[in-house]
Every structure is written in structure tokens, then in C-alpha cells.
Amino acid sequence: MATMSSSCSVNTQLSFNEIKTLVHDILEKHGKITITDSGIISINSIKITSFATSISISGKILKYDDNLYKVSLDYSTSPDAIAWIIAVCLFPIGLLALIFANNAMRELTKKMDTALSEVEFIINTKSNNQKTIATTAPSPSTSSNINTVENANDPFEKMKKLQELKESGIISEEEFNQKKAKIMESI
């Protein structure tokens, strides 16, 4: 059984419950998700499937101080009983069934890293939106900082960030196109 862990840290003014809701909304596409009041994440009825492989996903949301949160996901894959039966009964060719668990781990790692990138991106976007809304009459000394925040809400800046995520392999072409469509709708 291979176990991996991924995490992201965000500095935000959002409340713990808002973070919890965002994490829930992003991870629910991977299965039935539960997040406790203490931040423990569990995903059951996992929608990610692989032949002859068992998959488990869990995690937690930690609050370090007033504005700093860490979202971590622990996930594992292991060959299930069918894989072992095939491996033993059809040895040595049957050992190929065990390769599926390894391939599933690579795919799962990509999906969890993408999910965490989405969490980080959306939390940062929402935080920037709150900062922009909270600022009604900027003073001359803070106008450059506010322009930076406003640029982060700019659809063109979002598209650049999305393109960077795609080029670095964090998100797939399909996910890129979905997010791009949402950004284009907001214009």
C-alpha cells in the first residue's frame, strides 16, 4: 500500500466555516465528503476508480493563527483481493494486475494536487474579493496595493494563473477548459 500526502497553506480573512465550505465544494466531485467541526476530512464512496485497486482519502483543515490555514489530504492506494488473486493464479503475467495500483496512485496524486490548487486559488480569489469590497475610499498611500488586489480579480490575470497551472501540469486540459469557460462567463 502506498500512502501520500499533499497540503496547501493559505493566509486569508475567511472564516473557518467558509474555508470548510469551499473545501467541501471542491472535493465533493471525488466522492461523498464529510468535514467535521474540528476540520477532519473524510471522503467515502470515492468516485475515482481503478481496476483491482482500493483507494482511501482523508485529511484535515488546520487553523494556525487568525489568518493562516493549512488544508492537507492523505490518500492511499493498494491492490485489492482481486489483484492479488490474479497475481498469484496467473503468475508471472498476473503480476501486471499489481501495476494498476501504482498507476492509480499517480492519477490520484494528480487529482489531489489539482484539488488543493483549486482550494488555494479559490480561497485567495475570495480573499482578494473581500479586500476589494472592504475598501471603499482608498487613500493615496494605499492605492497601489488596492490596484494589485483589483488586478488579481481581473479575468485576464485569472486566465494567466490558469494557464500557468495547466503548463505546470497541476490541472488537465479538460479542467483548464472548464475553468476558462467560467472565467469567460464572468466577463
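Laboratory data are not the source of any read-out in this text; all were calculated from the coordinates shown. Note that this is a predicted model, so its numbers are computed, not measured. Every residue, glycine among them, receives a Cβ derived from its backbone with ideal geometry; neighbour counts consider all protein chains shown.
Amide H contacts under 5 Å for ASP80: THR53, SER54, restricted to partners 5 or more places along the chain or on a different chain, H placed in the peptide plane at 1.01 Å from N.
Along the stretch 85-97 the Karplus relation, 6.51 cos²θ - 1.76 cosθ + 1.60 evaluated at θ = phi - 60°, assigns HN-Hα couplings of 5, 4, 4, 6, 6, 10, 4, x, 5, x, 4, 4, 4 Hz to successive residues, with x for each Gly and Pro. The ranking of VAL119, VAL88, VAL23 by Cβ neighbour count inside 10 Å, starting from the fewest, reads VAL88, VAL119, VAL23. For the stretch 4-9, backbone phi angles converted through the Karplus equation (6.51, -1.76, 1.60; θ = phi - 60°) give residue-by-residue couplings of 10, 9, 9, 8, 9, 10 Hz, Gly and Pro being listed as x. Dividing the Cα radius of gyration of the stretch 37-123 by 2.2 N^0.38 Å, with N the residue count, gives 1.39. Annotation: amide H of THR12 within the under-5 Å range of LEU68, TYR69, sequence separation 5 or more or interchain, hydrogens built in the peptide plane. Between the residues SER56, ILE19, LEU73, the greatest Cα displacement towards the positive end of the dipole of the stretch 16-79, with unit charges on the Cβ of Lys, Arg, Asp and Glu, is found for SER56. Distance from the Cα centroid of the stretch 69-131 to that of the stretch 1-49 is 14 Å (rounded to whole angstrom).
For the stretch 20-33, putting each phi into the Karplus relation 6.51 cos²θ - 1.76 cosθ + 1.60 with θ = phi - 60° gives couplings of 4, 5, 4, 4, 4, 4, 6, 7, 5, 6, 9, x, 6, 9 Hz, in residue order, rounded to whole numbers and with x for Gly and Pro.
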